[in-house]
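What follows draws every value from the coordinates through simple rules; no lab data is involved. Here the structure is a predicted model, which is why all the values come from computation and not from measurement. Quick reminder, even Gly has a Cβ in these numbers, built from the backbone with ideal geometry, and neighbours come from all protein chains shown.
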Amino acid sequence: MAPKKDLPATKPAGEASSAKKAEKGKSEKKHKEERGVKDMYKVEGDKISRTRPTCERCGPGYFMADHHVRYTCGHCGFTRYKQK
């Protein structure tokens, strides 16, 4: 039999990746504030008005999300683009 050669000691794969993670450090995630019902309506004196449009397909009660250039319904996916 041939004599065994001494191989250099290596770290298991799990240890190497955890060392890289420790170097980067932890960054905090940015959490969005939850928007409640109070943000869907605007109160002016004795009148209440809606701040966002309702979905044309789903009907009243389903507000559309306000994106940069469009309104989108989260229930059915209907999209309406804003006028320029």
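Can you pull out every residue in the stretch 49-64 that is surrounded by 12 or more Cβ atoms within 10 Å (Cβ to Cβ) and part of a strand (DSSP E or B)?
Thr54, Cys55, Tyr62, Phe63, Met64, listed by residue number.
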(message) Cβ-Cβ under 6 Å, sequence separation 6+ or interchain: first residue in the stretch 33-48 and part of a strand (DSSP E or B), partner of a type in the set (A, V, I, L, M). Which pairs?
(response) Tyr41/Ile48
